[in-house]
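Below is one structure, written out as structure tokens; comments come after it.
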Amino acid sequence: MKTWSVTFVASAVALAVSSSAFACTGLIVGKGASADGSIMIARNEDFGINNWNKHLEFRPAQDNKAGDWDLGNGLVVPMPKHFFAYSAIPDWDAHTVNNEGKFYEERGINEHNVAISATTSAEVNDRVAKIDPLIDAGVIEAVIPTLILPQATSAKHAVDLLGHYVETYGAGEGNSLYIADINEAWLFEIGSGHHWIAVKVPNDSYAMIANGLRVHGVNLASKDVMHSANLFEFVQEHKLLDKPNKKSFNFAKAFGVVADVYNVDREWLGQKMLTPSKKQQTRMEQYPLFLKPDQKISVNDVAEVLSATYEGTSLEEDGQRPIRVERQLESHVIQLRPDMPKELQGLIWQSFGVLPESVLVPLYTTLQDYPKAYQVGDDTYSDESAYWQFRSLTALATANQDKYLPMLKATWDKEESKLYKQVQHLDSTLETVYKTDKQAALNMASDFSYGQLIRTLNMATDLRYKMMTDLTKSTEKKYSDEEFEKIMNL
């Protein structure tokens, strides 16, 4: 195998991190707060530039030899004896910065139905950065799914594992990430080189996350809270809070930067959409960590939040950084459905490009082979790349946003409504078939997802052709009847 120098890899990581910092918006939904009893973790993956690319990949299970596991950014840990199978969505250039091609895998579900979405970047405050500095070769967004998904057997196990790695090897970034299985969902936050906290999301509530640390008002002694060793003592010793309280601990204020309008505007917007009955001022220092929704939350509701701007709200004129931005690479809504057979409990609703101008396609975890178009392409436009077919629709729409953006959203909204109904019907069929022919049910789920990837890609290509034709027509000069007759008779 080709060996990459640590310096080269570290430089590549630094460039990628600097481009993606302070990006992404996410949402965690407890099973009692969802419309169908599923747990959901969802996020927009945003980047610093528009022309990037993501590939769909499946990592099969494998046994490993004893030795070191080089994660590609300088982080080296003992190699686990076995890797569980899992799905991922790495960057197109994964192989140029990591010879194993497992870089910025972002989200996935493993064979134990443990799901991760990583991460929403978060700023670490200057005080903490001096006391417990970040570690260059530590745990970062680019390696978290790669590190945890092959090993975790439950959501809580994943929290334990990640916490161990942060405390033992250090963290290279402040981050919020989401971990779930069919029983529970956790919000995990990294606040310094070695300190972290994780809070279980109440079943009847949701958590809205932007790019600031969010955890506050939690009881450190609660069974629903996990954290680094001596966390409270560290905060107390270094006076990171004026009056630290174990029963109402403010991790975000101690380690992060609160009241940044770049973040709190989005937190306010998401909570306003899902709990409109709760009237909250804009630009508060901190918004509630968890809220109960006014209505049970569906996948479509999550998609609407991840597509939102400030239009029609009091922040329409001066809202900072809307949830929908043109530099989105992909969006995903991961569902864990406890009522389905084990192999069918995980479902990833996946889109490419900017969510309102794209479509969430349901991918059952039984799907292990993806159409070639979803596995090719780089940061240069290509007709062969699925990512570029979807992303180019937003680019074309900028030529006449008032005309094309509503058209694209309406088209894909209609398509997603069909897909929601189809999945609901298919789930019922799969449960029935599974009882008598397990493999047939698994194959049926895979075939459905593969087919929807192909079909929606064809739709995107057709939309691009139509928009190009319409744009070309719009540039035509308008001639008088006499002029037109002369031209046609030349």
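Which of the pairs 372/435; 54/473; 296/414; 156/223 have their Cα atoms more than 23 Å apart in this structure? Over 23 Å apart, Cα to Cα: 372/435; 54/473. Determine, from the Cβ-Cβ distance of residue 488 and residue 318 and an R0 of 51 Å, the FRET efficiency 1/(1 + (r/R0)^6), rounded to the nearest 0.05. Working from the Cβ atoms, E equals 0.45.
Reported to the nearest whole Å, the Cα centre-to-centre distance from segment 293-308 to segment 409-487 is 22. When peptides 167-174, 315-322, 66-73, 181-188 are sorted by average Cβ neighbour count within 10 Å, with the highest value leading, the order is 181-188, 167-174, 66-73, 315-322.
Given the options 194, 293, 333, identify the residue whose Cα lies farthest towards the positive end of the charge dipole of segment 6-339 (+1 on Cβ of Lys, Arg; -1 on Cβ of Asp, Glu). Sorting the options by dipole projection puts first 293. Considering helices alone, the calculated mean residue ellipticity of the chain at 222 nm is -11000 deg cm²/dmol, with DSSP H runs of length four and up weighted by -39500 (n - 2.57) and normalised per residue. When each of 234, 390 is scored by the number of other beta-carbon atoms lying within 10 Å, the sequence from fewest to most is 234, 390.
Helix 386-397 and the longest principal axis of the C-alpha atoms of the chain enclose an angle of approximately 70°. The order of 160, 46, going from fewest to most other C-beta atoms within 10 Å of their C-beta, is 160, 46. For the chain, build the charge dipole from Cβ charges (+1 Lys, Arg; -1 Asp, Glu) around the Cα centre, then report which of 425, 96, 69 sits farthest towards its positive end. Going by the charge dipole, the pick is 425. Based on Cα atoms of segment 203-298, Rg over Rh with Rh as the Kirkwood radius reads 1.00. For segment 15-155, relative contact order (Cα pairs under 8 Å, six or more residues apart, normalised by length) works out to 22 percent. Give the residue list of trypsin sites (Lys or Arg not before Pro) in segment 293-384 that are DSSP loop and have at most 15 other beta-carbon atoms within 10 angstrom. Passing both the DSSP loop test and the Cβ count: 296.
Over all pairs of different C-alpha atoms, the chain has a mean inverse distance whose reciprocal, the Kirkwood radius, equals 23.3 Å. Comparing 174, 392, 234 along the charge dipole axis of the chain, the residue lying farthest to the positive side is 234, per the Cβ-charge model. Shape of segment 350-394 from its Cα gyration tensor (a ≥ b ≥ c, root eigenvalues): rounded if a/c is under 1.5, otherwise prolate when a/b > b/c, or oblate? Here segment 350-394 falls in the oblate category. Relative to one another, the C-alpha centroids of segment 191-262 and segment 30-70 are positioned 24 Å apart.
So how much slack lies between residue 429 and residue 136, counting 0.36 nm per residue of separation and subtracting their Cα-Cα distance, in nm? Working shown, then result.
Numbers: separation 293, 0.36 × 293 = 105.48 nm, distance 4.97 nm.
Taking residue 429 through residue 136 to full extension adds about 100.5 nm, to one decimal.
The modelled label-to-label distance between residue 311 and residue 368, using points 7 Å beyond Cα along the C-beta direction, is 4.4 nm. Placing +1 on each Lys and Arg Cβ and -1 on each Asp and Glu Cβ, with no other charges, gives the chain a dipole about its Cα centre of roughly 1020 debye. Taking other Cβ atoms within 10 Å as a rough exposure proxy, 199, 76 sort from fewest to most as 76, 199. Apply the a/c threshold of 1.5 to the C-alpha gyration tensor of segment 151-278 and tell me whether it is rounded, prolate or oblate. Oblate, since a/c reaches 1.5 and b/c is not below a/b. Between residue 58 and residue 481, the distance separating the two model label sites (each 7 Å from Cα on the Cα→Cβ line) works out to 6.4 nm.
Normalised by the number of residues in segment 270-349, the mean separation of alpha-carbon contacts (under 8 Å, six or more apart) gives a relative contact order of 20 percent. The relative contact order of the chain, computed from alpha carbon pairs under 8 Å that lie at least 6 residues apart in sequence, is 15 percent.
None of the figures in this text is laboratory data; all of them are computed from the coordinates on show. Worth saying up front: this structure is predicted, and the values here are computed from it rather than measured. All Cβ positions, glycine included, derive from the backbone under ideal geometry; neighbour counts span all protein chains shown.
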